[in-house]
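The values are calculated or read from the model by the stated rules, or taken from the named source; none is laboratory data. For clarity, every value in this text was computed on a predicted model and none was experimentally measured. Cβ sites come from the backbone with ideal geometry, for glycine too, and all protein chains shown count toward neighbours.
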Amino acid sequence: MKDYKKAVQYIEFLKRTYGLDITIKDYKGFVYENEEMEFSLRPYLAHTNPYCMYVKEKEESYNKCLNNNKELIEECKRKDYFFHICHAGICELIIPIKEEKTVFGSINISHFDLYPDKTKKAIELTFEKERREEGKRKFKIFARSAYVESSTLIPSLELLSQYLLLLIQKVPLNKEQQEELKEKQLRAYIKNNISKKIVADDIISNLNINRTQLNTLIRTKDVKNLRDYINTIRIEMSEKLLLETKKTPKEIALSLGFKGYRHFENIFTAKLNISPKDYRKYYKNEKYY
């Protein structure tokens, strides 16, 4: 409990010092994996200022708040911090809680009066006519602009994000999370050894798992066996190389551990219904790859 109290004390310090509303968004369910963490962070899991509560009185607006999470997660994967205006006009500074590309949550700080025109338009669109004036009144009173420059605030919030990540990492993973982590490690091992002959015994030894666990990791991936799983990853990597490099298909085949070009061509065509040469020809200049 002591570690979680420190996090809460720091959150409250930032709120008092800079006049902030701070929300901890949980995208992975990590808060509920530990009773002490849930008890400590529960007060910060939702926007509870009167303006936001007024917005969420309507089911449609509440659902928009929930649907906002998907967009935030994708942004969190790409950026270390960013500003975001929600559908109701609140402008937040978002600090991801993440490890590489795995986003556990985010620290959302509001309100920043950076885009007044967008905020005004969002408020107009959020409320029907009979609720609009009250919505504007509550926004003016309760969505007060933070009196601090974001450049001053960001280092403190990144420190809080890292501390929360450490607390998350200390919580034992559930079975689903453990399998997800092991599957990432499996893919990483295969990619790092892609040009070599990869056998089950080496994977088991390096990942510290048994054969049953290995079979569990690959059986839900729509593949026949370990060899098919490895070849699927090889084909994924070959697509990128065909489109982004000038290597010949034969060079790509050998660099990815195929026996030769014919072997590569047969597997590529079987999986994608197109030959490597035609794939490069048709998709090389497409923007969406």
What residue, among those in segment 115-170 that are in a loop (DSSP other than H, G, I, E, B) and among the aromatic types (F, W, Y), is modelled with the lowest pLDDT? Y147
When you go through (1) within 22 Å of K281 (Cα to Cα); (2) in contact with a helix residue (DSSP H, G or I) (Cβ under 6 Å, 6 or more places away or on another chain); (3) surrounded by 18 or more Cβ atoms within 10 Å (Cβ to Cβ); (4) not acidic (D, E) one by one for K250, which number turns out not to apply? (3)
Within segment 138-150, does at least one residue satisfy the condition of being in the same structural domain as P96 (by TED's automatic domain parsing), without any contact (Cβ under 8 Å) to a residue 24 or more places away in the chain and surrounded by fewer than 15 Cβ atoms within 10 Å (Cβ to Cβ)? yes
Per-region count, segment 93-104, residues part of a strand (DSSP E or B) and under 22 Å from Q185 (Cα atoms): 6
Only one of (1) modelled with pLDDT of 95 or more; (2) surrounded by fewer than 18 Cβ atoms within 10 Å (Cβ to Cβ); (3) within 22 Å of Q185 (Cα to Cα) does not apply to N266, and that is (3)
Could you name every one of the helices (runs of 4 or more DSSP H) located completely within segment 1-92 that has at least 3 residues being surrounded by 14 or more Cβ atoms within 10 Å (Cβ to Cβ) and aliphatic (A, V, I, L, M)? 2-18
Number of the exception - L166 against (1) outside the structural domain of S275 (by TED's automatic domain parsing); (2) in contact (Cβ under 8 Å) with a residue 24 or more places away in the chain: (2)
Scope segment 207-233; condition outside any loop (DSSP other than H, G, I, E, B) and either closer than 16 Å to R280 by Cβ or touching a Phe, Trp or Tyr at 6+ places or on another chain (Cβ under 6 Å) (or both); matching residues: I218
Residue list for segment 184-220, restricted to those being under 30 Å from D3 (Cα atoms) and either surrounded by 15 or more Cβ atoms within 10 Å (Cβ to Cβ) or outside the structural domain of I230 (by TED's automatic domain parsing) (or both): Q185
Entirely in segment 240-289, the helices (runs of 4 or more DSSP H) that have 3 or more residues that are assigned by TED's automatic domain parsing to the domain that holds K197, under 24 Å from R227 (Cβ atoms) and among the aromatic types (F, W, Y): 261-272
Boolean, D117 is more than 18 Å from L153 (Cα to Cα), assigned by TED's automatic domain parsing to the domain that holds F139 and of a type in the set (D, E): yes
